[in-house]
Amino acid sequence: MYNGPEHYLDKDAAAGRVMAHARLLLKLSRRFEAVAPAGLRHSAHVANYKLGIIIIHADNGAVAAKIRQLSQRLGNELSKGGVECSGIEVKVQPRQIPCQSTTSTQKPISGKAIGMLRSTTENLPEGPLRKALENLVKRAATTE
């Protein structure tokens with residue numbers, strides 16, 4: 001009978017401890033989502049649990065400050081879930097958005113705009129601005 005990968009991980013002592021900790025974090029995460037105010041549920045998450053301290057990562061400083069203000073109440077509520085909570089530690093840790101692009105996309109420039117840029121470039125004295133505009137016009141002309 002196949003019980004999934006957890007069955008094999010639970011048999012090894014070290015892996016079993018990791019699995020138990022993962023289950024505890026999952027339980028704390030669900031409990032946090034249930035007891036945290038609506039505005040904070042999606043802006044913070046349980047990151048770890050060490051020696052009775054629940055570590056929460058907040059997306060920004062404002063969320064972190066609010067969680068710190070509510071830490072006593074949140075700690076009491078999280079303890080009701082069956083986990084000892086002697087304190088909450090909050091860290092600002094913005095989430096990485098995997099689909100967010102860090103490179104810019106090239107936007108097309110209309111023929112009229114290219115013409116205006118060319119005439120502006122021709123009227124500029126030699127220098128870094130003129131060179132930058134010449135490069136822009138050259139790149140824009142090759143993408144049309």
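Observations on the model:
- Under 17 Å of direct C-alpha separation, and excluding same-chain neighbours fewer than eight residues apart, K50 reaches these lysines: K27, K91.
- Gyration tensor (alpha-carbon) shape descriptor, segment 20-142, a/c threshold 1.5: prolate
- Listed by chain and number, the lysines whose C-alpha is less than 22 Å from the C-alpha of K112, apart from same-chain residues fewer than 8 away, are K131, K138.
- Across segment 61-69, rounded Karplus estimates of 3J(HN,Hα) from the backbone phi angles (6.51 cos²θ - 1.76 cosθ + 1.60, θ = phi - 60°) give x, 5, 5, 4, 4, 5, 5, 4, 4 Hz, Gly and Pro being marked x.
- Pairwise FRET efficiency - K91 versus R30, Cβ, R0 = 22 Å, nearest 0.05: 0.60
Values quoted throughout were computed directly from the atomic coordinates according to the rules given, and no laboratory measurement underlies them. Because the structure is predicted, anything quoted here is derived from the model rather than measured. Neighbour counts are summed over all protein chains in view; Cβ atoms, including those assigned to glycine, are modelled from backbone coordinates with ideal geometry.
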